[in-house]
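Let me begin by presenting the structure, written as structure tokens, before commenting on it.
We did not get these values from a lab; they are worked out from the coordinates using the rules stated. Please read these numbers as outputs of a predicted model, since none were measured by experiment. Cβ: placed from backbone, ideal geometry, glycine included. Neighbour counts: every protein chain shown.
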Amino acid sequence: MIHDKFPKIWYGGDYNPEQWDEATMEEDLRMFKLAGIDVATVNVFSWARIQPDEETYHFEWLDKILNRLDEEGIKVCLATSTGAHPAWMARKYPDIRRVDHNLLKRQFGGRHNSCPHSPTYRKFAELLADKLAERYKDHPALAAWHIANEYGGYCYCENCAAAFRVWLQKRYGSIEALNKAWYTSFWGHTFYEWEDIVPPSGMSEEWGGGRSNFQSISLDYRRFQSESLLDCYRLEYDAIKKHSDVAITTNLMGTYPELDYFAWAKHMDVVSWDSYPSLDTPVSMTAMTHDLMRGLKGGQPFMLMEQTPSQQNWQAYNSLKRPGVMRLWSYQAVAHGADTVMFFQLRRSIGACEKYHGAVIEHVGHEHTRVFRECAELGQELVKLEDKLLDSRLTSKAAILYDWDNRWAIDLSSGPTIALNYVDQVHHYYKALYDNHIQTDLIGLEDDFDRYELIIAPVLYMIKPGVAEKIDAFVKRGGTFITTFFSGIVNETDLVTVGGYPGKLRPILGVWAEEIDALFPDASNSIVMKQTYGGLTGEYSCNLLCDLIHAEGAEVLAEYGSDFYKGMPVLTRNRHGEGEAWYIASNPEEKFLKKLIAQICQDKGIKPLLNAPEGVEVTERSKDGKRFTFLLNHNAEAAHVELPAALHGAKDLLSGLGMNDVAVVPGRGVLILEQV
Ligand code: GLA
Ligand code: ZN
């Protein structure tokens, strides 16, 4: 998709020469060459420079930058600058300034600060995108378009309120239907007229931490704001497309809570995202997030748009990436489907809040630094890889369902526990697959389930129309489905499906959950196996929530070990059509899940890519009948990996070495084995 422009893994990142003089830029260009950098993302925050007033546009300085980059053979990912509006616009047109969750009107400042329903923002953002596209559509350096920057945040202003009412009218048709869908008979909330409805701010239904009195209105406001920002993105997208066929993206943020990225990805030519794990983020969490970003467009390769070469500035403790880690994490992105490796930032700014954010070129200004050396080494390696891996795909038989509506509903829920975190639950299951070296896709509810043998839906609390039917068909045709406690409870407007939990999933799972117990943080129960299943035997601990379930046709594999519900089922399997549906009624310890998933996969014939020691991550990308196995050693010490017969004689693309039956992966090292 992006590689007709230049067929290699792009290497570079955010570059802000508007912050310094031309001589500095010349130095940068010299060093980019040394580092093998071949793409620069420019014009991310230059709206004020381009457009100093209502009528004037200055592009000459940007022409110069693009031309110089082009002369040096560096391609450009061209941003539209609409991630932060100019001061004059905020002064002259107050509608562009957001109103925050406490209904305070924002003043000028910050970024990602424009109201999505501001006529001013929409008009000037679209116009700017149009002018940029018209001017640079044929520029030889142009490789991709980058709209705005990290869309996010909500607005609660009058324009948004009015647009919300229109959105609701379209969605519900009548105020009666809305009252019903939102259950406004509760607390006498009946709305008489559309005008009665105000955004669910901290001054109406919501309070600290995003909790709400009325989940339905809060949920709809999230949908609405996500769509509103998407509309802004689409205005720019269409403006650019009128002139240019070059791929268009905007940089996403992984599991960022506020936007429904599955909906967004439909309007992006290529997904790109900014990956900022901290030193203590589990590597499996980063792997999962890459897989989610790849899943947004059905497995199409994505762009790693930003990562730091060394440290962040915005975390509480901004540790340095240890030697080798930047390279390792770069290849981790590639191993999960990235076709670019890009940084924020190429040169460190000297003022404002990002001056202590890592960069390829540090404040010292020369290339004799640890970070630069590591970047340059990686740059040289990526040149050697040529186009070998580009557009190769990962194929998985296992998938995890991820859904933003479901996450919103869980986050907004008042009860049963504040400790339930959707992303952590998804990660808990992902890690069980990851530790077993089972390649996994993260998919949305609209994706094709039949491509998979195993689908796990952790805490599928909300069942939207058609979803239970889709799961039912998947299982009946022979698939294995796993879900957990607190699933199947509500419909798409957060109204409980009456008649017993897990609602529409009840016949598929063959269980009825009568009650849900929330455990204090230091409390636990246990999972007592009734018989051995694979490596599972004896007792394991569980915590967080315990559903008190009755088997209604499902086979009981384990029971609770304590409390008044001791002896009630906690792990069940229901044969349903040709397949089976598992229910895990509590939150098991890691060891339990790893063994359970290993056995379920084995039963389904889903094989690990290979057996690697702990801390060694394995993925496989393939194209044109060629397979590439990535071995990523996250340990500090070398790891020995026994290779299956198919990999005997394979060649490591990075070192050029041929393999026998055992591969030695250096500490924090990477091997990319091409099967012969
Ligand atoms: C984000 C932004 C960048 C920069 C980095 C810093 O990803 O897109 O502009 O602020 O964070 O980590
Ligand atoms: Zn607004």
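Under a point-charge model restricted to the Cβ atoms of Lys and Arg (+1) and Asp and Glu (-1), what is the dipole moment magnitude of segment 398-603 relative to its Cα centre, in debye to the nearest 20?
380
Any chance you could run the full-extension gain for residue 541 through residue 70? It's 0.36 nm times the residue separation minus the Cα-Cα distance, nm to one decimal.
163.6 nm
So if R0 is 30 Å, what FRET efficiency would residue 491 and residue 103 give, r being the distance between their Cβ atoms, rounded to the nearest 0.05?
0.50
Between residue 622 and residue 635, how many nm apart are label points set 7 Å from Cα along the C-beta direction?
Rounded to a tenth, the inter-label distance reads 2.8 nm.
Which net charge results for the neighbourhood of residue 303, defined as the other residues with beta-carbon distances under 13 angstrom from its beta-carbon, given Lys and Arg at +1 and Asp and Glu at -1?
-2
Would you mind checking the pairs 431/595; 297/604; 33/384; 388/431 and listing those with alpha carbons more than 18 angstrom apart?
297/604; 388/431
Positive end of the charge dipole of the chain (Lys, Arg +1 and Asp, Glu -1 on Cβ, about the Cα centre): tell me which of 458, 493, 565 has its Cα farthest that way.
Towards the positive end, the residue furthest out is 458.
Just add up the charged neighbours of residue 658: K/R +1, D/E -1, any other residue whose Cβ is under 9 Å from the Cβ of residue 658.
Neighbourhood net charge equals 0.
Using θ = phi - 60° and the Karplus form 6.51 cos²θ - 1.76 cosθ + 1.60, what ³J(HN,Hα) does each residue of segment 476-484 get, whole Hz, x for Gly and Pro?
4, 7, x, x, 9, 10, 10, 9, 10
Based on Cβ point charges of +1 for Lys and Arg and -1 for Asp and Glu, what charge dipole magnitude is obtained for the chain about its Cα centre, in debye rounded to the nearest 20?
Taking the Cα centre of the chain as origin, the dipole is about 380 debye.
Compare the Cα positions of 300, 250, 263 along the charge dipole of segment 247-315 (+1 at Cβ of Lys, Arg; -1 at Cβ of Asp, Glu; about the Cα centre) and return the one farthest towards the positive end.
Final value for the positive-end residue is 300.
Once you have the Cα-Cα distance between residue 655 and residue 391, take 0.36 nm times their residue separation minus that, and quote the gain in nm to one decimal.
92.8 nm
To the nearest 0.05, how large is the calculated FRET efficiency for residue 191 and residue 231 if R₀ is 30 Å and r is the Cβ-Cβ distance?
0.75
Could you grab the relative contact order for the chain? Cα pairs under 8 Å, six or more apart, rounded to a whole percent.
Value for the chain: 11 percent.
Please check which bits of segment 58-101 a label hung off residue 352 would reach, taking the label as a point 7 Å along Cα-to-C-beta and the cut-off as backbone N under 16 Å.
In segment 58-101, the label zone of residue 352 (backbone N under 16 Å from the point 7 Å along Cα→Cβ) covers 79-90.
Working out 0.36 nm times the residue gap between residue 60 and residue 127, then minus their Cα-Cα distance, what length gain in nm do you get to one decimal?
The span from residue 60 to residue 127 would gain 22.4 nm if fully extended.
Quick check for me: using +1 on Lys/Arg Cβ and -1 on Asp/Glu Cβ, what's the dipole size of segment 616-674 about its Cα centre, in debye to the nearest 20?
220
Percent relative contact order of segment 616-674, based on C-alpha pairs within less than 8 angstrom and at least six residues apart?
About 39 percent, as a whole number.
For segment 158-220, what's the relative contact order in percent, using C-alpha pairs closer than 8 Å and at least 6 residues apart?
Reported as a whole number, the value is 27 percent.
What distance in nm lies between label points placed 7 Å from Cα along the C-beta direction at residue 258 and residue 575?
5.1
Label residue 138 and residue 446 with points 7 Å out from Cα along Cα→Cβ: what is the distance between them in nm?
3.6
With no solvent and one equal point scatterer per Cα, compute the Debye intensity ratio I(q)/I(0) for the chain at 0.10, 0.12 Å⁻¹ and report its log10, rounded to two decimals.
-1.02, -1.37
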